[in-house]
Amino acid sequence: MECNVDINENVTMPELMRVLKKASPMKPAGPECIPMYWWKNLKTLRPVMLKVINNEIKVESKANWLYEGRTWLFTKKGKEENDERGKRLITSF
């Protein structure tokens, strides 16, 4: 997905809705520990979510959880633990 973001502009509700629509509800929880299912289904929180996102962008927040992810290295099924080509990186933002 191409990212054409101007940090001087606010994220809009249609942009937020497009991201939520594309996100899998089974995506694991990020650093805030809220699974994507709840982000997608707690519709009354969307205006608040949008306000927080725009505020964090404007104030150049130190809230690292907003943009940092966690990465795990898994061994693919049927591959040896020491086989570097048999690894898969999974990152959650």
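See the values below:
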item	result
Residue order for 42, 73 - accessible surface, 1.4 angstrom probe, largest first	73, 42
Note, ³J(HN,Hα) from phi for the stretch 75-80, Karplus 6.51, -1.76, 1.60, rounded to Hz, x at Gly and Pro	7, 5, 4, x, 9, 6
Amide N proximity, the stretch 74-93 versus residue 24 label position 7 Å along Cα-to-Cβ, cut-off under 14 Å	89-93
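The values are calculated or read from the model by the stated rules, or taken from the named source; none is laboratory data. Everything quoted here is computed from the prediction, not taken from an experiment. Reconstructed Cβ throughout: ideal geometry from the backbone, glycine too, with neighbour counts over all protein chains shown. Ligands, DNA and RNA are stripped out before the accessible areas are found, and what is left, the full protein with its side chains, is counted by its heavy atoms. Shrake-Rupley method; radii C 1.70, N 1.55, O 1.52, S 1.80 Å.
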